């Protein structure tokens, strides 16, 4: 094998560079407007139509705004129908339709209306520079509570995260049920889809938002147009501790806990529970219910005798409970123990003793002062 030959990974041997994925890809996103004179073939030979279902709660709103939808589609010579019986909306081409792609735009419009987008916003999809993407997130997370929490992360507190995504990508984003509806330029739809799918994979949207902010600032500098931006972009990776690091942290926590227990006068805790003494013999077999009945003689009793014994046990238990409850209730009627008041003689004796103790302390202090003064004079 020569040194110049490049070794291709086996998993990537059939992958080829896409001809449109180049640095000058931005020019391909530009779409020129389509006028009636551009349609050289004239009227369409076949009628194209699309239909979509809508939920029951959208019926009232769609009935109110359907006149707006009809007027918006009539400007492009597209007919529309609202079927309230079957709960569906449909669009179709007419003999006057000249734009072959407008039927797909009309299909996207009724899809957005079915997903809860307002009609003033959904009408904008008929513009050539605006596209839409409906991201399905319902089957990405199995746990319902976890799904709700991650979906709420896309919105953020008071909708702040959603607003940041809309400002950075110039898109309209609506989180509704199990889908996320996005409207905006072609290039920005890819960024929003990446943010939403990563969020459902437990990657917080703030990381992608920070990356988008850095990219927007770097795009302002013409010197960096031909350079790689990888050194400026943050690299967010999960921090996985090694086994030795986890053991060291566990030992630190155990040492701190043992120090606290030692101060409290308790025995130190061990990291591992005490192992049981190994024995090759299995544990003794527990007796069955029938064996216990045979041992007590209950097995040979008749049915009415067993019932009578159970009734006696129940009555004894009830009598014992009644006795305990009666004793608890009677505690409230027992007078508390009152302290005995001292007599006049006892009060005088106590006062005299306190005075003598106080005088004795004064005499002791006087003796100490006198002794100290004598030592000072001798010195």
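The values are calculated or read from the model by the stated rules, or taken from the named source; none is laboratory data. Computed from a prediction, not measured in an experiment: that's the story for all the values here. Every residue, glycine as well, gets a Cβ built from its backbone with ideal geometry; the counts of neighbours run over all protein chains shown.
So which of 152, 170 is within 14 Å of residue 200 (Cβ to Cβ) and not assigned by TED's automatic domain parsing to the domain that holds residue 111?
Result of the check over 152, 170: 152.
Can you tell me which residue among 112, 62, 84 is over 19 Å from residue 181 (Cα atoms), in contact with a helix residue (DSSP H, G or I) (Cβ under 7 Å, 6 or more places away or on another chain) and not assigned by TED's automatic domain parsing to the domain that holds residue 134? Give the steps one after another, and end with the answer.
On the way: 112 fails: over 19 Å from residue 181 (Cα atoms); 62 fails: over 19 Å from residue 181 (Cα atoms).
That would be 84, the only listed residue that is over 19 Å from residue 181 (Cα atoms), in contact with a helix residue (DSSP H, G or I) (Cβ under 7 Å, 6 or more places away or on another chain) and not assigned by TED's automatic domain parsing to the domain that holds residue 134.
A quick yes/no check of all residues on (1) surrounded by 12 or more Cβ atoms within 10 Å (Cβ to Cβ); (2) modelled with pLDDT of 95 or more; (3) touching a strand residue (DSSP E or B) at 6+ places or on another chain (Cβ under 7 Å):
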{"position": "96", "(1), (2), (3)": "yes, no, no"}
{"position": "99", "(1), (2), (3)": "yes, no, no"}
{"position": "130", "(1), (2), (3)": "yes, no, yes"}
{"position": "137", "(1), (2), (3)": "yes, no, yes"}
{"position": "142", "(1), (2), (3)": "no, no, no"}
{"position": "145", "(1), (2), (3)": "no, no, no"}
{"position": "150", "(1), (2), (3)": "yes, no, no"}
{"position": "154", "(1), (2), (3)": "yes, no, yes"}
{"position": "161", "(1), (2), (3)": "yes, no, no"}
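Can you tell me which condition residue 102 does not meet? The list is (1) farther than 26 Å from residue 171 by Cα; (2) more than 36 Å from the chain's Cα centre (by Cα), and all the others hold.
Tallying (1) farther than 26 Å from residue 171 by Cα; (2) more than 36 Å from the chain's Cα centre (by Cα), residue 102 fails exactly one: (1).
For the range 196-226: of the residues being in a loop (DSSP other than H, G, I, E, B) and modelled with pLDDT of 80 or more, which is nearest to the chain's Cα centre (by Cα)?
202
Just name the residue that is surrounded by the fewest Cβ atoms within 10 Å (Cβ to Cβ) out of those in the range 44-62 that are over 37 Å from the mean Cα position of the chain (by Cα) and touching a residue at least 12 places away in the same chain (Cβ under 8 Å).
Taking the candidates together, the pick is 47.
Hey, any hits in the range 61-71 for a residue that's out of contact with any strand residue (DSSP E or B) (no Cβ under 9 Å at 6 or more places or on another chain), at pLDDT 90 or above and within 30 Å of residue 45 (Cβ to Cβ)?
Checked the range 61-71: at least one residue is out of contact with any strand residue (DSSP E or B) (no Cβ under 9 Å at 6 or more places or on another chain), at pLDDT 90 or above and within 30 Å of residue 45 (Cβ to Cβ).
Cβ-Cβ distance below 7 Å, separation of 6 or more or different chains: which pairs start in the range 181-207 with a residue that is in the same structural domain as residue 171 (by TED's automatic domain parsing) and in contact (Cβ under 8 Å) with a residue 60 or more places away in the chain and end on one that is assigned to a loop (DSSP other than H, G, I, E, B) and surrounded by 14 or more Cβ atoms within 10 Å (Cβ to Cβ)?
181/115; 181/117; 183/130; 183/171; 196/137; 200/137; 200/140; 200/141
Pairs, please: C-beta under 8 Å, at least 6 apart or cross-chain, first residue at negative phi and in the range 302-324, second surrounded by 10 or more Cβ atoms within 10 Å (Cβ to Cβ)?
306/298; 309/298; 309/301
List the number of the failed condition for residue 80; all other conditions in (1) touching a residue at least 40 places away in the same chain (Cβ under 8 Å); (2) surrounded by 14 or more Cβ atoms within 10 Å (Cβ to Cβ) hold.
Exception for residue 80: condition (1).
Spot the failing condition for residue 164; the list is (1) out of contact with any helix residue (DSSP H, G or I) (no Cβ under 8 Å at 6 or more places or on another chain); (2) free of Cβ contacts under 8 Å to residues at least 60 places away in the same chain, and only one is missed.
All conditions are met except number (1).
Which of (1) part of a loop (DSSP other than H, G, I, E, B); (2) over 30 Å from residue 253 (Cα atoms) does residue 269 not meet, given it meets every other one?
The one condition residue 269 does not meet is (2).
Let me confirm something: among 86, 139, 129, which residue is under 30 Å from residue 214 (Cβ atoms) and not in a strand (DSSP E or B)?
Matching residue, one of 86, 139, 129: 129.
Go through the residues of the range 143-161 one by one and say whether even a single one is closer than 30 Å to residue 102 by Cα, touching a helix residue (DSSP H, G or I) at 6+ places or on another chain (Cβ under 9 Å) and part of a helix (DSSP H, G or I). Even if it seems obvious, please write down each step before you answer.
In the first step, residues of the range 143-161 are kept if they are closer than 30 Å to residue 102 by Cα; the result is none.
No, the range 143-161 has no match at all.
Looking only at the range 104-118, which residues are closer than 17 Å to residue 80 by Cα and surrounded by fewer than 18 Cβ atoms within 10 Å (Cβ to Cβ)?
The answer is 104, and nothing else.
Quick one: would you say residue 198 is within 30 Å of residue 97 (Cβ to Cβ) and surrounded by fewer than 16 Cβ atoms within 10 Å (Cβ to Cβ)?
So residue 198 does not fit the description; no.
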